[in-house]
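We did not get these values from a lab; they are worked out from the coordinates using the rules stated. What you see is a predicted model; the values in this text were computed from it and never measured. Note that we place each Cβ from the backbone using ideal geometry, even for glycine, and neighbour counts take in every protein chain shown.
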Amino acid sequence: MKKKVAIVGGGWAGLTCAVELIDAGHDVQLFEAAPSLGGRARQVDWTRDGTTVHIDNGQHILLGAYRDTLEVMTRVGVDVTHALRRLPLTLHTPQGLHLRLPPLPAPLHLAWGLLTARGLSWSEKKAALRMVRALREWNWQLLADTTVTQLLRLHEQPGALNHALWHPLCIAALNTPPDEASAQVFVNVLHDSLGGARHDSDLLLPATDLSSLFPQAAASYLMQGGGEIFLATRITDIGITKGGYLLQSAQQRWFAEAVVLALPPWRLLETLAGLATEIAALAPLLQQLTQFGQQSITTCYLQYADHIELPLPICGLHENAERHHYGQWVFDRDTLCGQTGLLAVVISTDGPHLELDNLALADLLDKQLREYFSPLPKLLSSKVICEKRATHACTPGLQKPDLQTGLPGLYLAGDWLDADYPGTLEAAVRSGLAIGRLDHGI
């Protein structure tokens, strides 16, 4: 039955939900507090010396296993073969690690990639293969969740192997330090990326800004289907009324028969505060929301005076806080997006770098890069973007709410709701699709 549906939040989860509901024949209104769509994966403008450059509020990697994301991108008209650069999974660090998965059927591609990797000793390669084999035998399911550090200790992984391989993968995938990160979610990521079909492990690197990758096309698709989008419109309160809900902003009020709250946990707490005082059934949900910690993601754009070509479009870096080496990954935007001389250094967790001002951090990251990739051209300018609440802390045993709140017609969406996955674009898309595919309808 056709309904009037309001979606609060214009990130990838909200946009996907809107696309799915428009295709199902519903009337959709989407509200976004920011002036642009995309949430934590969107384009921002950097103006320097009178010139505006399109960058992103954070760097993102997709995997070949992200089937739902690729499907919905294609559905709204994105040519994924041109928008994404597909590479075999390759891990490269200036310290000597080089692991590349060859075009062989799974699991042979993983075995061959580890056995032929440079920068790992024979005993480290055997240890890594031993752990992956054990996880496969366990069907990628742990008896009980624990931390990634404890998982690696259980499987007797050498410290050098952890530092070179497992820790960087954990931080990149879960945005949570290994001492705090969920081992089961980490194993799920390993299963999808390393234990699945051959092309599931491929890296899909954006060759355009993130708004062009999906949000802009999704917005056009939504409006062509009769939907409405309200930007710079923060919904401050939600109330129950006859036949549905009333949504309140600072200037206006809207009615909807169903509401999807595609918001991060901390914003959801704020939005539901008024309604929760009236509806006791929401108390368990609000209690769950208080359990979610946050992790920051910092991206530092470094603009150099001339063309740069790193060994690969994305390279790992050796993080060493004692030496003030805070960078964890570097993206070659020159190669990926044609932005001459532009590198993006990513720090995917909280740390002492958050205490530095932007110029000091950029200077330290430039020095770190010069130790690994010297000579580099002169640094002309820098731009630091720190999303202090970029994603939830993916900790062991974290209980995540259901998409259905318990109130008729009130639903949740977001990358933090997938019990099996960290806060990725694929998790966001999955949640948005799930709303439109509920057995009983929305």
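General remarks:
- FRET efficiency estimate (nearest 0.05) - Cβ-Cβ, HIS54 to ASP420, R0 41 angstrom: 0.75
- Cross-link partners for LYS367 among the lysines, with Cα-Cα distance under 26 Å and sequence neighbours closer than 8 places in the same chain left out: LYS378, LYS383, LYS388.
- Radius ratio Rg over Rh of the stretch 294-392, counting only Cα atoms, Kirkwood formula for Rh: 0.94
- Its Cα gyration tensor gives the stretch 167-259 an equivalent ellipsoid; the semi-axes, largest first and in whole Å, are 39, 21, 14.
- Residue by residue, the stretch 90-99 carries 3J(HN,Hα) couplings of 9, 10, 9, 10, x, 6, x, 6, 9, 10 Hz when phi is fed to the Karplus relation 6.51 cos²θ - 1.76 cosθ + 1.60 (θ = phi - 60°); x denotes Gly or Pro.
- The stretch 330-337 - phi-based ³J(HN,Hα) in whole Hz, Karplus 6.51/-1.76/1.60, Gly and Pro as x: 10, 9, 8, 5, 4, 6, 6, 10
- FRET efficiency, GLN404 to LEU356 (Cβ-Cβ, R0 30 Å, nearest 0.05): 0.10
- Once the gyration tensor of the Cα atoms in the stretch 62-182 is diagonalised, the equivalent ellipsoid follows with semi-axes of 27, 19, 15 Å, ordered largest first.
- Nearest 10 degrees, 0 to 90: helix 358-373 Cα axis against the chain principal axis: 40 degrees
- The angle separating the long axis of helix 265-276 from the principal Cα axis of greatest extent in the chain is about 20 degrees.
- Summing charges over all other residues whose Cβ lies under 13 Å from the Cβ of LEU154, with Lys and Arg as +1 and Asp and Glu as -1, gives 0.
- Equivalent ellipsoid semi-axes, the stretch 393-442, via Cα gyration tensor eigenvalues times 5, rooted, Å: 20, 13, 7
- Max-minus-min Cα coordinates of the chain on each principal axis give 68, 58, 40 Å, with the largest extent listed first.
- A crude spin-label estimate for the pair MET1 and LEU108, with each label 7 Å from Cα along the Cβ direction, gives 5.6 nm.
- Difference of contour (0.36 nm per residue) and Cα-Cα distance, LYS388 to ALA305: 26.9 nm
- Working from label points 7 Å from Cα in the Cα-to-Cβ sense, the ASP45 to SER123 distance is 5.8 nm.
- For THR147, nonlocal amide neighbours, meaning residues 5 or more places apart or on other chains whose placed amide H falls under 5 Å from its own, are ALA183.
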